[in-house]
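My structure is below; once you've seen it, I'll send some questions.
The values are calculated or read from the model by the stated rules, or taken from the named source; none is laboratory data. A quick note: this is a predicted structure, and the numbers were derived from the prediction, not measured. Every residue, glycine among them, receives a Cβ derived from its backbone with ideal geometry; neighbour counts consider all protein chains shown.
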Amino acid sequence: MLSELDSIVHSIKGLVDEGVIVFRRVRWSMIRFANNEPTIANNWVTHETTIYIAKSRRYLTATLSTSDINSIKNKVQELLRELGNILEDELYVPLTHGERPSRLIGKYDSRIERETDRLIDGLNEAIQASLSEGSQRNAGAMTFGVEERYYTDSTGLELEDKTSFVTLTIRAFIDDLTATSVSISNTLDGFKPKDAGVEAGRLVRIAKDLPEESVDSVGIM
């Protein structure tokens, strides 16, 4: 993928002062749960391509939800045609890197892809922890996956990297009261679903124990 994107940027070097293409492919997985039980599991893939071109203090950007190389090429040509109609930007700053980066920023833990059983166990731990704190039922979702990223620009910089992610949102209920907690991490070791369950259950229990007071009885200043 990176070589194909680089060839597009290379092909317009003589037509623009600067060109950048950033491509992201994200593989998503989601498990929803309600009434303390998993209900829906789903997997999907998203693509995002961002294009930046600049010439004579004029610049344009565009974002496409595709990985199709021909579509990307066509969009670049469309931006080139539009660039002459754009006013110069007095605040324009040329593309610079300072110390050229060797990689994109992010953490990748292959276990998030391979050890999904541990993630599911963590989800169940969160639900049980919330129940132990006093909640009656729990709902929410756990989302996890991997983002692949590719970067190329007209200075010759080429980068590719990937990062993993996992997010658990748990909502605890007691009657009509509710409280929410979240655990977010790029690594399996940093994922703390039990802590999120404990917090959600504890917060809704605290809310239940608070004294009730009618709004009508509260004085308005």
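When you scan the range 30-39, do you find a residue that is at pLDDT 95 or above and basic (Lys, Arg), even just one?
yes
Does residue 51 count as within 23 Å of the chain's Cα centre (by Cα), over 30 Å from residue 182 (Cβ atoms) and not hydroxyl-bearing (Ser, Thr, Tyr)?
So residue 51 fits the description; yes.
Name the single residue, out of those in the range 159-191 being touching a Leu at 6+ places or on another chain (Cβ under 6 Å) and modelled with pLDDT under 95, that is nearest to residue 130 (Cα to Cα). Talk me through it step by step, then tell me what you get.
Narrowing the range 159-191 to residues touching a Leu at 6+ places or on another chain (Cβ under 6 Å): 159-161, 179, 183.
Next cut, modelled with pLDDT under 95 only: 159-161.
On the way: 159: 43, 160: 40, 161: 36 Å.
It comes out as 161.
Here's a follow-up. From 167, 152, 96, grab the single residue that is surrounded by fewer than 19 Cβ atoms within 10 Å (Cβ to Cβ), among the polar types (S, T, N, Q) and touching a residue at least 24 places away in the same chain (Cβ under 8 Å). Quick ask: steps written out before the conclusion?
Working: 152 fails: surrounded by fewer than 19 Cβ atoms within 10 Å (Cβ to Cβ); 96 fails: touching a residue at least 24 places away in the same chain (Cβ under 8 Å).
Residue meeting the stated conditions: 167.
Moving on. Looking at the range 114-145, which of the residues that are surrounded by 15 or more Cβ atoms within 10 Å (Cβ to Cβ) and of a type in the set (D, E, K, R) is nearest to residue 39 (Cα to Cα)?
137
Do you know which residues across the range 40-63 are at pLDDT 95 or above and of a type in the set (D, E, K, R)?
Matches in the range 40-63: 48 only.
For the range 170-209, which residues satisfy the criterion of being polar (S, T, N, Q) and touching a residue at least 60 places away in the same chain (Cβ under 8 Å)? Outline the logic, then answer.
Residues of the range 170-209 polar (S, T, N, Q): 178, 180-181, 183, 185-187.
Result: 186, 187.
Let me ask something else about it. Looking at the range 146-187, which of the residues that are within 15 Å of the chain's Cα centre (by Cα) and among the polar types (S, T, N, Q) is farthest from residue 33 (Cα to Cα)?
Looking at the filtered set, the residue picked out is 163.
Hey, another quick one. Would you please list the contacts, defined by Cβ atoms under 6 Å and residues six or more apart or on different chains, that run from a residue in the range 37-58 that is within 28 Å of residue 138 (Cβ to Cβ) to a residue that is at pLDDT below 95 and part of a loop (DSSP other than H, G, I, E, B)?
So the pair list comes out empty.
Then there is this: Looking at (1) touching a residue at least 40 places away in the same chain (Cβ under 8 Å); (2) out of contact with any Phe, Trp or Tyr (no Cβ under 7 Å at 6 or more places or on another chain), which is the only condition residue 143 fails?
Failing condition for residue 143: (2).
Can you tell me how many residues within the range 76-123 are over 25 Å from residue 10 (Cα atoms), modelled with pLDDT under 90 and hydrophobic (A, V, I, L, M, F, W, C)?
Result for the range 76-123: 1.
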